[in-house]
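The values are calculated or read from the model by the stated rules, or taken from the named source; none is laboratory data. Keep in mind that this is a model prediction, so the values were computed, not measured. A quick note on method: Cβ atoms are made from the backbone with ideal geometry, for glycine too, and the neighbour counts reach across all protein chains shown.
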Amino acid sequence: MTFTAGLYGLLGVGVGVLLSLAGRRLVHTHITPHDRRATLDLRRTTMWLACASGAGFAGLWLRYGPSLPTLIVSAYFSVFLLILVLDLAYRWVPNMLLIPTTVFVLIVSTLTGQPSLLNSLAGGMTGFAWFYLIAIAYRGALGAGDVKLAGVIGLITGFPGVLTALTIGILTGGIVAAALLLSGRVTRKSYIPYAPFLVAGALVSLVFGTQISEGFASISGL
C-alpha cells in the first residue's frame with residue numbers, strides 16, 4: 001500500500017506541475033496586464049504545487065486505497081489547490097473552474113449517489129445561501145467568488161457535510177485574521193483571501209466528515 005501510495009503521489013506531482021501551467025494560462029487569458037499585480041509569483045509556485053499535490057494524492061491513496069472515491073476526491077483536491085493559489089495570488093476565484101466543477105459534481109452525484117443528487121443540491125443551496133447572507137450582512141467581507149465557491153463546496157460535500165466544511169472554513173479564517181490583526185500585519189481594511197480557508201474546510205469535511213459527525217454525536221449523546 002505504501003509503495004502504490006508513493007506511485008500515486010508521483011502522479012500527483014505531475015498534476016501539480018500541470019496545475020501551475022493551467023493557472024498561468026488562465027491568468028494570461030482572463031486577467032488584463034493592469035490587474036496582474038500578484039501577491040504570489042505563479043512561476044515560483046510550481047515546486048510548491050507539485051509537492052502539495054504529490055503529498056495530497058499519496059494521502060488520499062492511503063485513505064481510500066485503489067477505489068473510485070480516490071479518483072473523485074483527487075479531482076476535487078486538484079481544483080481546490082488551483083483555486084487556493086489563484087485566490088492567494090490574484091484574489092480571484094474563476095468561474096472557468098467553478099462551472100465545470102459544478103457540472104462534474106452533478107454527474108458524479110447522479111452516477112454514484114455519493115452524495116445523492118438531492119443531497120448534493122441541498123448542500124449546494126445551503127452553502128450558497130449561507131454565504132450570500134453573510135456577504136449581504138457584512139459588505140466587503142466576502143467576494144462573489146467566495147459565495148459561489150461555498151455553493152460548489154456544498155454540492156461536493158452534500159448536507160450536512162456542508163455545515164462542517166463551511167464552519168471549519170469560517171473558524172480557521174477568523175482565527176488567522178485575528179492573529180494577523182493582533183500582529184499588525186494587516187488592518188481592518190486589508191483584504192484577506194477567504195478561499196484557502198473554505199478549501200481547507202471542504203477537504204477536512206470530505207476526508208474526515210464521517211468521523212467528525214460520529215465524534216460529535218458521541219459527545220452530544222445522540
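Quick one: count up the residues across segment 89-131 that are within 30 Å of His28 (Cβ to Cβ), of a type outside the set (A, V, I, L, M, F, W, C) and outside any loop (DSSP other than H, G, I, E, B).
Summing the residues that are within 30 Å of His28 (Cβ to Cβ), of a type outside the set (A, V, I, L, M, F, W, C) and outside any loop (DSSP other than H, G, I, E, B) in segment 89-131 gives 5.
List the pairs whose first member sits in segment 108-121 and is under 15 Å from Tyr76 (Cβ atoms) and aliphatic (A, V, I, L, M), whose second member is surrounded by 18 or more Cβ atoms within 10 Å (Cβ to Cβ) and at pLDDT 95 or above, and whose Cβ atoms are under 8 Å apart, counting only residues at least 6 apart or on separate chains?
As it stands, the answer is Val108/Ile72, since those pairs meet every condition given.
Checking the condition surrounded by 14 or more Cβ atoms within 10 Å (Cβ to Cβ) and either among the charged types (D, E, K, R) or closer than 19 Å to Val204 by Cβ (or both), which residue from Ala150, Ala129, Ala135 passes?
Ala150
Name the pairs: first residue in segment 82-94 and closer than 15 Å to Lys148 by Cβ, second residue among the acidic types (Asp, Glu), Cβ to Cβ under 7 Å, at least 6 apart or on different chains?
Sorted first by the residue in segment 82-94, then by its partner, the pairs are Val93/Asp87; Val93/Asp146.
Give the residues of segment 137-150 that are in a helix (DSSP H, G or I) and farther than 19 Å from Gly161 by Cα, sorted by residue number.
Of the residues in segment 137-150, the ones in a helix (DSSP H, G or I) are 137, 144-150.
Answer for segment 137-150, where residues must be in a helix (DSSP H, G or I) and farther than 19 Å from Gly161 by Cα: Ala137, Ala144, Gly145.
For the condition in the same structural domain as Thr210 (by TED's automatic domain parsing) and aromatic (Phe, Trp, Tyr), what is the one hit in Tyr132, Tyr64, Tyr76?
Checking each option against the conditions leaves just Tyr132.
Just checking, which of Ile156, Ile134 is touching a Pro at 6+ places or on another chain (Cβ under 9 Å) and in a helix (DSSP H, G or I)?
Ile156 is the lone residue from the list that is touching a Pro at 6+ places or on another chain (Cβ under 9 Å) and in a helix (DSSP H, G or I).
Could you list all residues from segment 172-209 that are of a type outside the set (Gly, Ala, Ser), surrounded by 11 or more Cβ atoms within 10 Å (Cβ to Cβ) and free of Cβ contacts under 8 Å to residues at least 12 places away in the same chain? Give the steps one after another, and end with the answer.
Within segment 172-209, the subset of a type outside the set (Gly, Ala, Ser) is 172, 175-176, 180-182, 185-189, 191-194, 196-199, 203-204, 206-208.
After this cut, where a residue has to be surrounded by 11 or more Cβ atoms within 10 Å (Cβ to Cβ) as well, the list is 172, 175-176, 180-181, 186, 192-194, 196-199, 203-204, 206-208.
The answer is Ile175, Leu181, Val186, Phe208.
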